[in-house]
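Before any comments, here is the structure.
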Amino acid sequence: NMSAGRPFRGCACFFTDNIFVGRFGLHVRYRDGPQLRRDYGRALRERGCRSEEQFREVLREIEAEVQRRKQLIHQSVERRAIISKCYKPKHPEVYTLQDSFLAPEFLEIVRFCTSPGADLQGLLCYLESFSDKRIYRLPVFTEEFCQAFVDELENFEQSDMPKGRPNTMNNYGVLLNELGMDEPFLTPLRERFLRPITALLYPELGGACLDSHKAFVVKYSLHEDLDLSSHYDNAEVTLNVSLGKEFTEGHLYFGDFNQDPTPVPQYIEVEHVGARGLLHRGGQIHGALPIASGERWNLIVWMRSSAIRNQLCPMCHRKPQLVEAEGFGDGFTEALGEEVAQTVNLCAL
C-alpha cells in the first residue's frame with residue numbers, strides 16, 4: 001500500500017509507548033525497569049501493585065508485550081498467508097464491498113456530501129449529534145449484512161486458523177487485513193463513502209485526505225472481554241459500527257479530547273444501535289462499560305491522514321521517528337517538508 005507513491009511507515013514509539021498494563025488499568029511508556037519504577041511506581045501502587053513480586057510480574061508482562069510488538073509484522077504476514085491459503089469462508093460475498101450492504105440512508109448521506117454546495121450544516125441534518133464533542137451517529141450497514149458478517153467472523157473464530165488479537169486492550173476479535181479485507185472492502189468504504197463525510201465533519205484532522213486505515217472487529221461477552229478501559233485511538237477519525245448480536249448494557253462513554261483536556265472532564269454515555277456507526281475524533285478519550293448479558297460485536301475502523309500525522313505522532317506527541325512497516329503501517333509516510341505543508345493546506349481546503 002502506497003500514498004502518492006510513498007510506502008507507509010510506523011513510528012518507533014510503538015515499541016516503547018502506550019503499553020497497557022491490563023490488571024492495573026494503566027498505559028505506560030517503557031524503557032527499562034528503573035525508568036518504569038521512577039515514572040509509574042506511585043500510580044501502580046495506588047492501583048494495588050504493592051509488592052516487589054507484583055512489580056516484577058508487571059515488568060515481565062510489559063517486556064512480553066514489547067517482544068510481541070517487535071515480532072508483529074513478521075507474524076501478521078505469516079498468518080495472512082496461511083489464512084489466504086487454507087481458510088474456507090462461509091460467506092465469501094461479504095469480503096467485497098457492495099452498495100447493497102450499505103443502508104439506503106447512508107447512501108443518501110454520501111450523495112448529499114458529494115453534491116455541489118454540500119456543507120456541514122446540511123450534513124448535520126442527516127446525523128444524530130452528541131453534546132459538543134463532535135460525536136455523530138449514522139446508519140451504515142443493512143441488518144442483513146451485519147448478520148452475515150458476524151456469522152462469517154464466528155466461522156473464522158471457530159476455525160483452527162491462526163489469529164492475531166486486535167490490540168493490547170482487546171483479546172477477542174479479528175484483524176480484518178489478515179482476512180484479506182483491506183483492498184476489496186475497507187479501502188473502498190473509506191475512500192468512496194466515508195471520506196466525503198469526514199471531509200465536512202473533521203477538515204482540520206485531514207478528513208478530506210484520510211489515506212490509510214487499520215480495521216478490526218472486537219467482541220465482548222460475559223466470559224471473555226467484558227469492557228474496555230479509557231483510552232484514545234491511533235487515528236485521526238474513528239468509525240465504530242455495532243454489528244450485533246443480542247446484548248444488554250455495554251454503552252460507550254466519551255470524555256475530553258486528549259489535546260484539549262479540562263480540569264474536571266465531562267463524560268457522556270452513548271448506547272449502541274445495531275447496524276449504526278459512531279464517528280468520532282481518534283483523540284477523544286473513550287471506553288466501553290461492561291456488558292450485562294449476551295454478546296457484542298463491533299467493527300472499528302481507525303482512519304488516518306498522513307498529511308496530519310507526519311507532523312506529529314498522535315501516540316507519543318512527537319515528530320514521528322519512522323520505521324519500516326507492512327501494509328498501511330501506522331499511516332505515516334516519508335515526506336519532504338514542503339510536500340507535507342502543501343498536503344496539509346489541501347486538506348484544510
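Annotation: of all residues in the range 89-105 being touching a residue at least 40 places away in the same chain (Cβ under 8 Å), out of contact with any Lys or Arg (no Cβ under 9 Å at 6 or more places or on another chain) and not β-branched (Val, Ile, Thr), the one that is least open to solvent (accessible area, probe 1.4 Å) is 102. Picking from residues in the range 172-213 that are open to solvent by 10 Å² or more (accessible area, probe 1.4 Å) and of a type in the set (Lys, Arg), the one that is farthest from residue 97 (Cα to Cα) is 195. Among the residues making up the range 216-266, those that are in a loop (DSSP other than H, G, I, E, B), open to solvent by less than 30 Å² (accessible area, probe 1.4 Å) and at pLDDT 85 or above are 233, 234, 235, 236. Name the residue that is farthest from the chain's Cα centre (by Cα), counting only residues in the range 253-298 that are within 16 Å of residue 218 (Cβ to Cβ) and among the charged types (D, E, K, R). Among residues in the range 253-298 that are within 16 Å of residue 218 (Cβ to Cβ) and among the charged types (D, E, K, R), the one farthest from the chain's Cα centre (by Cα) is 295. Residue check: residue 126 meets all listed conditions (1) more than 22 Å from the chain's Cα centre (by Cα); (2) of a type in the set (Phe, Trp, Tyr); (3) assigned to a helix (DSSP H, G or I) but one, namely (3). Taking the criterion of being farther than 24 Å from residue 200 by Cβ and either open to solvent by less than 20 Å² (accessible area, probe 1.4 Å) or in a loop (DSSP other than H, G, I, E, B) (or both), the residues of the range 273-297 that qualify are 274, 287, 288, 289, 290, 291, 296, 297. The set of residues in the range 75-88 being open to solvent by less than 80 Å² (accessible area, probe 1.4 Å), out of contact with any Leu (no Cβ under 7 Å at 6 or more places or on another chain) and either in a loop (DSSP other than H, G, I, E, B) or of a type in the set (Val, Ile, Thr) (or both) consists of 77, 82, 87. Checked against (1) under 25 Å from residue 295 (Cα atoms); (2) under 20 Å from the mean Cα position of the chain (by Cα), residue 143 passes all but a single condition, namely (2). Taking residue 41, is it open to solvent by less than 40 Å² (accessible area, probe 1.4 Å), on the phi > 0 side of the Ramachandran plot and of a type outside the set (Val, Ile, Thr)? So residue 41 fails the test. For residue 31, the criteria (1) open to solvent by 80 Å² or more (accessible area, probe 1.4 Å); (2) under 24 Å from the mean Cα position of the chain (by Cα); (3) not hydrophobic (A, V, I, L, M, F, W, C) hold in every case but one, which is (2).
Let's see how each residue does on (1) among the aliphatic types (A, V, I, L, M); (2) part of a helix (DSSP H, G or I); (3) touching a residue at least 60 places away in the same chain (Cβ under 8 Å):
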| residue | (1), (2), (3) |
| --- | --- |
| 9 | no, no, yes |
| 13 | no, yes, yes |
| 20 | no, no, yes |
| 27 | no, no, yes |
| 31 | no, no, no |
| 39 | no, yes, no |
| 44 | yes, yes, no |
| 48 | no, no, no |
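Collect the residues in the range 129-142 that are open to solvent by less than 30 Å² (accessible area, probe 1.4 Å) and in a loop (DSSP other than H, G, I, E, B), keeping them in residue-number order. Answer for the range 129-142, where residues must be open to solvent by less than 30 Å² (accessible area, probe 1.4 Å) and in a loop (DSSP other than H, G, I, E, B): 133, 140, 142. Of everything in the range 298-322 that is modelled with pLDDT of 95 or more and assigned to a strand (DSSP E or B), the residue that is most open to solvent (accessible area, probe 1.4 Å) is 322. Report whether or not residue 60 is open to solvent by 10 Å² or more (accessible area, probe 1.4 Å), basic (Lys, Arg) and either modelled with pLDDT of 95 or more or within 27 Å of the chain's Cα centre (by Cα) (or both). Against the criterion (open to solvent by 10 Å² or more (accessible area, probe 1.4 Å), basic (Lys, Arg) and either modelled with pLDDT of 95 or more or within 27 Å of the chain's Cα centre (by Cα) (or both)), residue 60 qualifies.
The values are calculated or read from the model by the stated rules, or taken from the named source; none is laboratory data. Because the structure is a prediction, the values reported are computed rather than measured. Please note: Cβ atoms are built from the backbone with ideal geometry, for glycine as well, and neighbour counts cover all protein chains shown. What goes into the accessible areas is simple: the full protein's heavy atoms, side chains included, and nothing from ligands, DNA or RNA. Shrake-Rupley method; radii C 1.70, N 1.55, O 1.52, S 1.80 Å.
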